[in-house]
Amino acid sequence: MNAWEELVARCAMRRNEKIGPLSDEAYAELVLAVRQNPADFADEPPEQALLAVARALDAYRAGGRDDDLLDDAAFEAERARRLGLLRAACRQALELDERCLDARLIDLLAGELEADPLTQGLLDLEHEFAGAPVPEGDAWEDVFYRPHLRLRAAVARTCLDAARPRMAASAAASLLDAAPEDQLGARHTYMLACARLEDEPGLGALEARFSGRESAWSHLARVLLLYKLDRLTAARRALRGFESLCEGGAYALLRPTFVELYLPDRPEAAACGFEESLMAVREAEPIIADVPEFVAWCQGHDWLVASARAFAERRDLDW
């Protein structure tokens, strides 16, 4: 979530409504002025609450920059402290605007509930905010509606984590209907859900629709799907593709690494880069756990193990 950019867009639109309509050139000047100091233009409760959320997210992220220097106990304590401060800041934002959906969503996610109660909490939140009409066209273009899209994306991911792949697929599909350019990566969740459901036509349709936008999720989903269908020769070829096309993919698969909470959505990462590989494997964990022999099958490929070890050595990672 780029809270600052959304705040700038919202403040500029609000100001234009008050003093406009401005010409395109004048509006561009207004946007520049807002970007220089958004706080001066956040004069309505919804934008004041979003300003508080933006500051809280910045503080949370900045506070974790030295986490790698901490031992496990200190890391957990520091992380819990930062999450507590973030939740408190979100509740302060809600005092400014009780309908700030982003603050509600972040507060809920930062509570680190188990998958089932988190799923229920997210669904309850959707029900509470269900009155907003879906904009025509690509809903992402309506900056005021984006919190609803982020919530739907969180529902899809959490349903997958809670071993509810059909619900995850349905939520992801509805998000793609509303925002077909898929700025929130709903297709990634949908592809993993297809793998869990052994839905080869569904995965193929997504791959065709987003051809040229391959990702660690698309490559890993194909491996998992073919393995679950017991087409091991094809699965091996797909595993080769995942290893060669996704940076650090072998390491991510054989040495699962802690991935920080998405607050409130996935962080941006280079396509098929190491960060993507880590996120894809983390999101696929419920599927991998459901097929316990999959990891042993992966470990049985010497070239995959060698690739993972070489990557660890290059990056000075544990092996």
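The values are calculated or read from the model by the stated rules, or taken from the named source; none is laboratory data. Predicted, not measured: the structure shown is a model, and the values here were computed from it. Glycine also receives a Cβ, built like all others from the backbone with ideal geometry; neighbour counts cover every protein chain displayed. Each accessible area value is taken on the protein alone, full model and side chains, heavy atoms only, with ligands, DNA and RNA left out. Shrake-Rupley method; radii C 1.70, N 1.55, O 1.52, S 1.80 Å.
Checking each residue in the range 109-125 for being of a type outside the set (Ser, Thr, Tyr) and open to solvent by less than 40 Å² (accessible area, probe 1.4 Å) picks out LEU109, ALA110, GLY111, ALA115, LEU118, GLY121, LEU122, LEU125. Summed over the range 65-108, the residues that are open to solvent by 20 Å² or more (accessible area, probe 1.4 Å), part of a loop (DSSP other than H, G, I, E, B) and touching a residue at least 40 places away in the same chain (Cβ under 8 Å) give a count of 2. Would you pick out the residues in the range 231-258 that are open to solvent by 30 Å² or more (accessible area, probe 1.4 Å) and hydrophobic (A, V, I, L, M, F, W, C)? LEU232, LEU245, PHE258, listed by residue number.
Checking each residue in the range 206-230 for being in contact with a helix residue (DSSP H, G or I) (Cβ under 9 Å, 6 or more places away or on another chain) and open to solvent by 20 Å² or more (accessible area, probe 1.4 Å) picks out GLU207, ARG209, ARG213, GLU214, HIS219, ARG222, TYR227, LYS228, LEU229. The set of residues from the range 41-61 being within 17 Å of ALA80 (Cβ to Cβ) and open to solvent by 30 Å² or more (accessible area, probe 1.4 Å) comprises ALA59, ARG61.
Output the residues belonging to the range 136-172 that are touching a residue at least 24 places away in the same chain (Cβ under 8 Å) and not in a helix (DSSP H, G or I). Selection gives ASP138, VAL143, PHE144, ALA162, ALA163, ARG164. Of the listed requirements (1) free of Cβ contacts under 8 Å to residues at least 60 places away in the same chain; (2) open to solvent by 20 Å² or more (accessible area, probe 1.4 Å), CYS11 misses just one: (2).
Per-residue answers, yes or no, for (1) in a helix (DSSP H, G or I); (2) within 27 Å of the chain's Cα centre (by Cα); (3) not hydrophobic (A, V, I, L, M, F, W, C):
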residue: LEU22; (1), (2), (3): no, no, no
residue: ALA26; (1), (2), (3): yes, no, no
residue: VAL31; (1), (2), (3): yes, no, no
residue: VAL34; (1), (2), (3): yes, no, no
residue: GLU47; (1), (2), (3): yes, yes, yes
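With respect to (1) farther than 24 Å from TRP140 by Cβ; (2) open to solvent by less than 10 Å² (accessible area, probe 1.4 Å), the lone exception for ALA179 is condition (1).
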